[in-house]
1. Of the residues that sit in segment A:2-48 and are assigned to a strand (DSSP E or B) and within 14 Å of chain B (Cβ to nearest Cβ), which one is farthest from the chain's Cα centre (by Cα)?
2. Kindly list, by first and then second residue, each pair from a residue in segment A:205-216 that is within 11 Å of chain B (Cβ to nearest Cβ) and in a loop (DSSP other than H, G, I, E, B) to a residue that is modelled with pLDDT of 95 or more and buried (at least 21 other Cβ atoms within 10 Å of the Cβ), limited to pairs with Cβ atoms under 6 Å and residues at least 6 apart or on different chains.
3. Give segment A:49-61 a look and list any residue that's assigned to a loop (DSSP other than H, G, I, E, B) and either of a type outside the set (D, E, K, R) or under 29 Å from residue B:123 (Cα atoms) (or both), or say none.
4. Spot the failing condition for residue A:168; the list is (1) closer than 22 Å to residue B:138 by Cα; (2) more than 14 Å from every other protein chain (Cβ to nearest Cβ); (3) not polar (S, T, N, Q); (4) not in a loop (DSSP other than H, G, I, E, B), and only one is missed.
5. Being at negative phi, of a type in the set (Phe, Trp, Tyr) and at pLDDT below 90 is the requirement here; does residue A:87 meet it?
6. Filter the helices (runs of 4 or more DSSP H) completely within segment B:1-54 down to those with at least 2 residues that are modelled with pLDDT under 90.
7. One residue is enough: does segment A:128-137 have a residue meeting the conditions assigned to a helix (DSSP H, G or I) and not charged (D, E, K, R)?
8. With the requirement that a residue be out of contact with any strand residue (DSSP E or B) (no Cβ under 8 Å at 6 or more places or on another chain) and surrounded by 18 or more Cβ atoms within 10 Å (Cβ to Cβ), what does segment A:56-89 give you?
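The values are calculated or read from the model by the stated rules, or taken from the named source; none is laboratory data. All figures in this text were calculated on a predicted structure; none of them were measured in a lab. So basically every Cβ, Gly included, is an ideal-geometry build from the backbone, and we count neighbours across all protein chains shown.
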Amino acid sequence: MLEARDVKLAFGQTPALRGATLAVAEGEIVAVMGPSGSGKSTLLHCLAGILVPDEGEIMFDGTRVDQLDETRRSTLRRDRFGFVFQFGQLVPELTAEDNVALPLLLGGARRAAAVAEARPWFAKLGLDGLEQRRSGELSGGEAQRVALARALVAKPRVLFADEPTGSLDSLTGEQVMDLMVDSARAQGTTVVLVTHEARVAAYADRQVIVRDGRVHALAAARGAS
Amino acid sequence: MSVPLTLLGLLEREPSHGYDLKRDYDTFFGRGKPLSFGQVYATLSRLARDGKVVISDVEPGEGPDRKRYVITDAGATEVDAWLTEPVEPEPHLQTVLFAKVVLSLMLGRSAEDYLDLQRNAHLRRMQALTDIKRAGNLVDAMLADHGLFHLEADLHWIETTVARLDALTKEVRDA
């Protein structure tokens, strides 16, 4: 469903990916692990159509993402993908509710419909009563749950999460991961999760390691012996 | 896990019968390794012999008589001492990992292949513990967390060792 085939990408003279290959199945939760500078975030950005590789292919549902122009990749990201990052994702001027509704509004939904769709996520993610707060009035964990709701509200086919618990303490990070996994499974969303934390990666069905710009598939899928 | 001290601790809470002690032990401490009745009664007999518990009364029943055990002052002192002493920190697993890595290098084998296998095994165990944690109650979650943090520490060591393998290889082979 989503695949990187022998992807290479360099930033100037510095190679970030040196032939990375990864296939992700529909509905699968895959954790991409690796040390700092290994290329794991670069791989996520290539899979998500944010970066275009120098060589290799990115396939999503039979489409060569790397061959799409920026406008089409932008549409793909908006309509099919959701994103959760480590820091600063919420629009500070908007309320939490408007932040969650934002992808629907950008997709052309009317405001009332978008807000109506956004609202149930607050109960689902334990955010009741915080709808009218702005990001500066939310704790780190609350802001990250709002970001998660915003990433999932448009029912994306793939959720890309880059160090989603990186700025949270262990317990708050666990809450976010519990909610992410439960929500993604409930709506059949595929998840590509970049993390350097093994405890976070353990939530995934499968873990791969990126080392020196290449992907090493190691752990067996969840439930396999 | 010290079974005698844990049973003593349960008796410090309240006097109890062997059956109830086994039930409480299994509920809180025996995850995956419940006590056998034989082990419970053998332990209680030893504790009674050593003066740490006494039998307060015996109730006749349909089966064997039910003995009610009560902790003594000596038993309570031992529980108190146990609960206030830190456990000896034991870097047990790391020494095995270390020995396997160094021996692999000495024998010209791939330590990296071994570390990859070990990382795989650790990650799979962490997946299993995460599943237990997500499906269970708070007691399960705390036990799983203990395992998860230890496995994570091992993984940090594995990653650091992988990064140092070239230097370590040279040091081991030059020695």
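1. So in segment A:2-48, the residues assigned to a strand (DSSP E or B) come out as A:2-11, A:14-24, A:29-33.
When the remaining residues are screened for being within 14 Å of chain B (Cβ to nearest Cβ), the result is A:29-33.
Numbers: A:29: 11, A:30: 11, A:31: 11, A:32: 11, A:33: 14 Å.
Filtering segment A:2-48 for residues that are assigned to a strand (DSSP E or B) and within 14 Å of chain B (Cβ to nearest Cβ), the one farthest from the chain's Cα centre (by Cα) comes out as A:33.
2. These pairs meet every condition: A:205/A:29.
3. First, the residues of segment A:49-61 that are assigned to a loop (DSSP other than H, G, I, E, B): A:49-54, A:61.
Listed by number, the residues that qualify are A:49, A:50, A:51, A:52, A:53.
4. For residue A:168, the exception is condition (4).
5. Details: at negative phi: yes; of a type in the set (Phe, Trp, Tyr): yes; at pLDDT below 90: yes.
The answer is yes for residue A:87.
6. Values: elements: B:3-13, B:18-28, B:37-49.
Once the helices (runs of 4 or more DSSP H) in segment B:1-54 are filtered for at least 2 residues that are modelled with pLDDT under 90, what remains is B:18-28.
7. To start, the set of residues in segment A:128-137 that are assigned to a helix (DSSP H, G or I) comprises A:135-137.
Add one more test, that the residue is not charged (D, E, K, R), and what stays is A:135-136.
Yes.
8. Once the filter is applied, which keeps residues that are out of contact with any strand residue (DSSP E or B) (no Cβ under 8 Å at 6 or more places or on another chain) and surrounded by 18 or more Cβ atoms within 10 Å (Cβ to Cβ), segment A:56-89 yields only A:73.
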